[in-house]
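Since the structure comes first, as structure tokens, the remarks are kept for the end.
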Amino acid sequence: MHEEHIATPEKSRAFAREALISELQNTHALERQAISVLESQLKTVSAFPEFHARLAQHIGESHEQSMRLERALEACNAAGSSLKDALVSFLGKGQSSFRSIGDDAVLKVLQSNTMFESMEIAAYRGLLELTDKAGMAELRPELEKSLQEEEAMASWLHDNLQSIVARYVELATAERVANEANQPGSSQPERSASGADADTDDEAGRMDPSPQQDKLHGPKRDPE
């Protein structure tokens, strides 16, 4: 067997390094998407103060994670994929449209962020394995820090799901009741047609003497 076809430790490290660079670029693009999506969600969760504050905190964390990934790429003498980053950032824009509490946008934010956090956690765990295989253990501390932040965000979403859903139901119910109260005619009692006719007849009776009144009193006499 030729020597070039033998899987030596050096070749394994070289392949792991290539895979590491590719995954660093992919995760960098993922973080840029996360920032774009989270920023678009802040308005949607404005009626949920704790949720809003946690998303704002994680936006800051995501910016830090993006910079850590850039430093890791620099250590590998590589750069982020500009085309991929631009495309993913564009896809992240405007994913959260918000019209009212009752359109369940908050629940969509909760669900999508839970799935997104799982994706990021898997990405960072994969990167940590690749750093070992590529012989670049010096990258671990910053990647572990980002992993801890993603795991903390995922735990927060899990722990607060029940209270967020309960708050959503409360606000959506209040909004619906208010909308129903503002519907035209909702506060005016309906009057039957017969009742309206009776009122009209009574009014007419007060304005003009009826023929029966003329018969009872007889014809008017001219003064002598």
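A few notes on this one:
- Search result, residues across the range 29-45 that are touching an Asp or Glu at 6+ places or on another chain (Cβ under 7 Å) and open to solvent by 10 Å² or more (accessible area, probe 1.4 Å): LEU30, ARG32
- Every residue from the range 161-178 that is touching a residue at least 24 places away in the same chain (Cβ under 8 Å) and open to solvent by 70 Å² or more (accessible area, probe 1.4 Å): LEU161, ARG167, ARG176
- Filtered by the rule that a residue be over 19 Å from LEU73 (Cβ atoms), free of Cβ contacts under 8 Å to residues at least 12 places away in the same chain and open to solvent by 70 Å² or more (accessible area, probe 1.4 Å), the range 113-160 gives MET115, GLN148, ASP159.
- Restricting attention to the range 7-53, the residues being outside any helix (DSSP H, G or I) and under 24 Å from SER146 (Cβ atoms) number 2.
- Positions within the range 54-81 being of a type in the set (S, T, N, Q) and not in a loop (DSSP other than H, G, I, E, B), in sequence order: GLN57, SER62, GLN65, SER66
The values are calculated or read from the model by the stated rules, or taken from the named source; none is laboratory data. This one's a predicted model, so the numbers in the text were calculated from it and none came from an experiment. A quick note on method: Cβ atoms are made from the backbone with ideal geometry, for glycine too, and the neighbour counts reach across all protein chains shown. When the accessible area is computed, the model is the full protein with side chains, heavy atoms only, and any ligands, DNA or RNA have been set aside. Shrake-Rupley method; radii C 1.70, N 1.55, O 1.52, S 1.80 Å.
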